[in-house]
Every structure is written in structure tokens, then in C-alpha cells.
Amino acid sequence: MRIGKVMHRDVQIIGPKESLRNAAALMKKLDAGALPVSEHDKLIGMITDRDIAIRGIAEGKRPDATVQDVMSREVKYCFEDEEVAHVVENMAELQVRRFPNPDKRLVGIVSLGDLAIQGSLPKTARALHGISQPGGQHNQSDAA
């Protein structure tokens, strides 16, 4: 199955100058743990609830600090014509829970939850096992 069949296409973005408070409020409204960060129609990063907690609040940043202060700048992505199995392997290897799809512009996002709902439990378990290993982009000791 192609990843385009399971990804969410109605993706909300946030700008890098927005506050952490606004990012958290948008995540709450969307019931999401991550937001793509875009500037001038270009994907420039991702911010997660974990970025806000670990790189923001735990480091003494105030709620009015900006998204760009804590976001992950290196964005890992996939293409909608990739096979689910390949994307799952990449998620496990790169230890990320979400992949945007920057097909010249952001067209969707796929999460570990999307893969679980899709019904491929062995693939989802394999991804979760890899993601849960110590280290990775969002490790607590990871400096921004």
C-alpha cells in the first residue's frame, strides 16, 4: 500500500515567529502532537509538543518564546508514492513519529497513529520499536 492512502492531507501549519503558547493552543485544538513550520510556502521545520516541553519550558523559555526557538530544523519526509513498509522502516531507523510529505509543497503528513489505524500492526510495532530506542532527534539530552 502507498503512504498516500493513509496520510492526512488537511495539514495545519504554523509560522516560525508564532509563540510557543499559540503552537500549544493549536496543537490542543487539533488534538495533534506536532505541527509543520512553514515560511513563505516553504517547509522549514517541525515543532512537537515534546520540543515545547523539553527545549522550551524545561530550558526556561517563556510561553511567548517563538516556535523557531525550539523547532527541529532538519525535517525528515516521505513521498506519497512510497510503500508503507518503506516509510515504516525509515521511521524506525530515524526514530521519528511523523513524516511530512513535501512534494514541492506540503501535501500531507503521516504519523505512527495513522499507520496503526491503517491496520498493519506488525509494521507499526516494528516502527514503534525503532522509535523507542534511546537517542534520536527528540531525545531529552538533544540540544537545539
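The values are calculated or read from the model by the stated rules, or taken from the named source; none is laboratory data. Source: prediction; values computed, not measured. Note that each Cβ is placed from the backbone with ideal geometry, even for glycine, and that neighbours are counted across all protein chains shown. Just so you know, the surface numbers come from the protein's heavy atoms only, side chains and all, with ligands and any DNA or RNA stripped out. Shrake-Rupley method; radii C 1.70, N 1.55, O 1.52, S 1.80 Å.
Descriptive notes on the structure:
- Qualifying positions in the stretch 39-64 - more than 19 Å from I13 (Cβ to Cβ), among the acidic types (D, E) and not in a helix (DSSP H, G or I): D64
- Single residue of the stretch 46-68 satisfying the filter (surrounded by fewer than 19 Cβ atoms within 10 Å (Cβ to Cβ) and among the charged types (D, E, K, R)) that is nearest to L35 (Cα to Cα): D49
- Of all residues in the stretch 23-43, those that are touching a Ser or Thr at 6+ places or on another chain (Cβ under 7 Å) and more than 20 Å from K61 (Cα to Cα) total 0.
- Evaluation of K17 against the conditions (1) free of Cβ contacts under 8 Å to residues at least 12 places away in the same chain; (2) open to solvent by 80 Å² or more (accessible area, probe 1.4 Å) shows that the sole unmet condition is (1).
- V75 vs. criteria touching a Pro at 6+ places or on another chain (Cβ under 9 Å), modelled with pLDDT of 90 or more and crowded, with 16+ Cβ neighbours inside 10 Å: no
- Members of the stretch 1-53 that are touching a His at 6+ places or on another chain (Cβ under 9 Å) and at pLDDT 95 or above: D51
- Selection count where residues are closer than 22 Å to F79 by Cβ, over 12 Å from the mean Cα position of the chain (by Cα) and in a strand (DSSP E or B), scope the stretch 1-38: 3
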